[in-house]
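Novice: Following this message is one structure expressed as structure tokens.
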Amino acid sequence: MDRATSRRRPPTKIPALACALLACWALAPAAGAATPAAGAAPTSAAGAAANPTGGTATPTGGASLVAGGSTGGPAVQLNAGATVTASGDGLTLAARPWDMLRRTVVLSGSAPAALAGDVVEIQRLGPGATALWAPAASAVIGSGGTFTARWIAGRAGRFSIRAVLLGSAAAIGADVATAAPAPGAPATAPMTINVYRRAFATLYGPGLYGRLTACGERLRRTTIGVANRTLPCGTQVAIYYRGESLTVPVIDRGPYANGADWDLTVATARALGLEGNAEIGTVALPRATALSQAPRLAARRR
């Protein structure tokens, strides 16, 4: 049985008119609602993430989700340049929902003016089922009730971030790094930030449609997915390109030419507005997310 990766053709630039016509086809909503990634906060019909303490985390720049793939698979998140905000217990936190590895993530927020001079700690949730909140950065609330914190992620990943009131700066003194918030301290709801690793991507598909990929996926013009040399089939990968982002599964092996790290199907490239080889941002999401794709890929092998 031949694999789609066995006869790769050199990437070609797609004519702009063809992109415009076929992008609508590739992005047409499929049956079934898009499913949030594993570990994401539950959302209401209005799109706000529920917080046990009553706070919310909401995208404020018009981000939207449409179903992608030939079978209504992974969600495509548009307008990745929008700002996401989180609130709770009188605190708010805002940031753009993405950044690149080793670049400074700027998080701004507000608190009641009466808390001026208090310290706000920015926390990130650690990995794993028994994850704990750990300090990432801190800032002092100004006289107007606003604050700004800066954080540099040491690795690529999808992070849950929140702001917690730490206490009076005068009382904490120089021990901010070791201070811990009191039980039940005011905190915002968690919000999600993707930190991407820079990578080089090529496109593939023409001449291979109808063939099975190395992961058992039937490659079609509308197939949303990527090829990678090492990640397990079904691994979910978040991709960023010029203000657009989407999350897709690994469906094939490659690339093996042009020094590329990823091969994107033509439909994936069109969903991102990408017309040829380009530098993108990528992050492989937790394995728990990828496992949800495994039954669909296995079923197609039979």
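The values are calculated or read from the model by the stated rules, or taken from the named source; none is laboratory data. Quick caveat, the model's predicted, so the values are computed rather than measured. Don't worry about glycine lacking a Cβ; one is built from the backbone with ideal geometry, like all the others, and counts go over all protein chains shown.
Novice: Please specify each residue of segment 154-193 satisfying the condition of being among the hydroxyl-bearing types (Ser, Thr, Tyr) and not in a strand (DSSP E or B).
Specialist: So the first thing to find is which residues in segment 154-193 are among the hydroxyl-bearing types (Ser, Thr, Tyr), and the list is 160, 168, 178, 188, 192.
Across segment 154-193, the qualifying residues are Thr178, Thr188.
Novice: For Ser168, are the conditions met, namely being crowded, with 21+ Cβ neighbours inside 10 Å, under 11 Å from Asp118 (Cβ atoms), assigned by TED's automatic domain parsing to the domain that holds Ala95 and at pLDDT below 95? So that I can check it myself, show each step before the final result.
Specialist: Working: crowded, with 21+ Cβ neighbours inside 10 Å: no; under 11 Å from Asp118 (Cβ atoms): yes; assigned by TED's automatic domain parsing to the domain that holds Ala95: yes; at pLDDT below 95: yes.
Considered against the rule, which asks whether it is crowded, with 21+ Cβ neighbours inside 10 Å, under 11 Å from Asp118 (Cβ atoms), assigned by TED's automatic domain parsing to the domain that holds Ala95 and at pLDDT below 95, Ser168 comes out as no.
Novice: Among the residues of segment 80-99, what is the count of those that are in a strand (DSSP E or B), at pLDDT below 95 and not β-branched (Val, Ile, Thr)?
Specialist: Here the count works out to 2.
Novice: Can I ask one more? Restricting to segment 112-153, what's the tally of residues that are closer than 25 Å to Ile239 by Cα, in a loop (DSSP other than H, G, I, E, B) and touching a residue at least 40 places away in the same chain (Cβ under 8 Å)?
Specialist: Counting residues in segment 112-153 that are closer than 25 Å to Ile239 by Cα, in a loop (DSSP other than H, G, I, E, B) and touching a residue at least 40 places away in the same chain (Cβ under 8 Å) gives 2.
Novice: Within segment 145-204, take every residue that is among the hydroxyl-bearing types (Ser, Thr, Tyr) and over 28 Å from the mean Cα position of the chain (by Cα) and give me the one that is farthest from Ser108 (Cα to Cα). Write out each step before concluding.
Specialist: Start the filter on segment 145-204 by keeping residues that are among the hydroxyl-bearing types (Ser, Thr, Tyr), which leaves 146, 148, 160, 168, 178, 188, 192, 196, 202, 204.
Restricting the remaining residues to those that are over 28 Å from the mean Cα position of the chain (by Cα) gives 168, 178.
Details: Ser168: 19, Thr178: 22 Å.
Selected residue: Thr178.
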